[in-house]
Amino acid sequence: MKESTSTPYNIREKQEKNAAYRSLIRAELADELYDRILNIIIIEKRYRNKDFSAKELAVELGTNTRYISAVINSRFNTNFSCLINEYRIREAQHKLTDKRFQEMTIEEIGKQVGFANRQSFYASFYRVVGETPNNYRRKHTITK
């Protein structure tokens, strides 16, 4: 009988894929898309929209999802979902420890930063931070 190595929240290891289209994008176009992706996702904080998708980003940038995927993979070393969730988690970490948000529930913070539901928030948070949002809040909140 095979031993089961269960991880919390059913987290799987990231697998590397080698898609041929990634090398077909011109460097100048990749640079331009990179800057525009940064602006939309980070400066405009579009990651807060739970329905924000790579397709929506591609339409807004006048390109296709393959180019978006290629740029995010090569320049950020991740995929679209992980990139979006990384910024959501960063903001959640701040809100979980900021006194101004101490009255908010963890679920409310998760929704505010762009997660559609509690389960996806907890799973992503655990994957990035290595502990649950509850534990993180408890360990990092300064009480006086």
| task | Kindly list the number of the only condition in (1) exposed (fewer than 14 other Cβ atoms within 10 Å of the Cβ); (2) in contact (Cβ under 8 Å) with a residue 40 or more places away in the chain that fails for ASN77. | result | (2)
| query | On the given criteria, is THR97 without any contact (Cβ under 8 Å) to a residue 60 or more places away in the chain and over 23 Å from ALA116 (Cα atoms)? | reply | no
| query | Does at least one position in the range 94-113 carry a residue that is in contact with a Gly (Cβ under 8 Å, 6 or more places away or on another chain), surrounded by 14 or more Cβ atoms within 10 Å (Cβ to Cβ) and modelled with pLDDT of 95 or more? | reply | no
| request: Among the residues of the range 87-121, write down those that are outside any helix (DSSP H, G or I) and either over 22 Å from ILE37 (Cβ atoms) or hydroxyl-bearing (Ser, Thr, Tyr) (or both). | output: ASP98, GLN102, GLU103, MET104, THR105, ASN117
| query | From the list LYS50, LYS55, which one is outside the structural domain of PRO133 (by TED's automatic domain parsing), over 23 Å from ALA27 (Cα atoms) and not hydrophobic (A, V, I, L, M, F, W, C)? | reply | LYS50
| query | Under the condition of being touching a helix residue (DSSP H, G or I) at 6+ places or on another chain (Cβ under 6 Å) and over 13 Å from LYS50 (Cβ atoms), which residue from the range 114-125 is surrounded by the most Cβ atoms within 10 Å (Cβ to Cβ)? | reply | PHE125
| note | Of those in the range 31-50 that are in a loop (DSSP other than H, G, I, E, B) and without any contact (Cβ under 8 Å) to a residue 60 or more places away in the chain, the residue surrounded by the most Cβ atoms within 10 Å (Cβ to Cβ) is LYS45
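The values are calculated or read from the model by the stated rules, or taken from the named source; none is laboratory data. Note that the structure is a prediction, hence the values are computed from the model and not measured. Please note: Cβ atoms are built from the backbone with ideal geometry, for glycine as well, and neighbour counts cover all protein chains shown.
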